[in-house]
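Data block below; observations after.
The values are calculated or read from the model by the stated rules, or taken from the named source; none is laboratory data. Since this is a predicted model, take the numbers as computed values, not measurements. Methodologically, a virtual Cβ is constructed for each residue, glycine included, from the backbone with ideal geometry; neighbour enumeration extends over all protein chains shown.
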Amino acid sequence: MDRVTHSLCRVLRSLTLGALLLGSGAADAGPVPIPVINPSFEANPVSPGCFAVFGPQGWEAFDPGGILDSSLDVLGGLHPQGGPYYVAPPPDGQHVAIVFLSGDTGTTPAGLRQFLGATLEPNLRYTLSVGVGNIASGTGPPPCDVFGFFNLDGFPGYQVQLLAGGVVIAQDDNTLDGQLGEGEFGTSIVELDVDADHPQIGQTLEIRLINLNLPGTVAEPGIEVNFDDVQLTATPLGTKCPADLTGDGVLDFFDVQLFLAAFAASNEAADFNGDGLFDFFDVQLYLQAFAAGCP
């Protein structure tokens, strides 16, 4: 290392100390929630331990086969507290959505859908998470015991879908099947990275929560799926942060250390102005990038 380079490195260490003492900066913006109406199905109250038949507020029926009849094939809500249906409280709040299909079992799927007030945008990672429940058999507490015993053993399968312009762009196709015991909830995760060339950019986003209505048996009819805690977020993809030389998403001492090593070795990673030289102007640009933080 020549004397000039050694001096520049000492200057860089000195100037960077102040920035490090102020804390590190995130290299990527965090997830931004996309609003979902009535995401945990709390808008239609139901008595503890009971269920009710209705269309949950903010949601529409998804019924491609026309099987929903408000009798044996229904949508609605359940308040599990005090009942035999779940071993733990719902993922969020007190209520869950019902997609109950006992009349036309093994025919066509049905469920819930919601069109969002957002469109598909480029350079984002979309993450959709939904609680999916495998309800247990039992009789509800009074006054809901009048409905008698429900054999809810088995599981009819589910899909959690994200759509844009009516086209499915990502889905969880029943991956929790076989993992959910009777009376248990699991979390379905759907992720999609959208680049600038995606054909559905600008199209309205939609969420679907579907009971696949797969055929069961007499002992395990598998007629109901419950849903809860629907969340959708968007996170910026590939936000460039020149000062984050480690690529770990945080600006800290290790990035400075790498710059110093690259500068001393005349490595192109330290040639911040791209002129093929390693001098004060590269140091100055790196310091500016470090001090500015990252988007």
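Structure above, values below:
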read-out	value
Qualifying residue in region 213-221 (condition: among the hydrophobic types (A, V, I, L, M, F, W, C), under 19 Å from the mean Cα position of the chain (by Cα) and modelled with pLDDT under 95)	no
Single condition residue 229 does not satisfy, out of (1) buried (at least 16 other Cβ atoms within 10 Å of the Cβ); (2) not in a strand (DSSP E or B)	(2)
Contacts under 6 angstrom Cβ, first residue in region 172-184 being touching a residue at least 60 places away in the same chain (Cβ under 8 Å), partner outside any loop (DSSP other than H, G, I, E, B), 6 or more apart	184/134
Unique match (being without any contact (Cβ under 8 Å) to a residue 24 or more places away in the chain, farther than 18 Å from residue 187 by Cβ and within 27 Å of the chain's Cα centre (by Cα)) among 114, 57	57
Residue under evaluation residue 146, criteria (1) over 24 Å from the mean Cα position of the chain (by Cα); (2) at pLDDT 95 or above; (3) β-branched (Val, Ile, Thr), criterion not met	(2)
Boolean, residue 102 is free of Cβ contacts under 8 Å to residues at least 24 places away in the same chain and among the hydroxyl-bearing types (Ser, Thr, Tyr)	no
For residue 269: the one exception among (1) of a type outside the set (S, T, N, Q); (2) at pLDDT 85 or above; (3) over 30 Å from residue 140 (Cβ atoms)	(2)
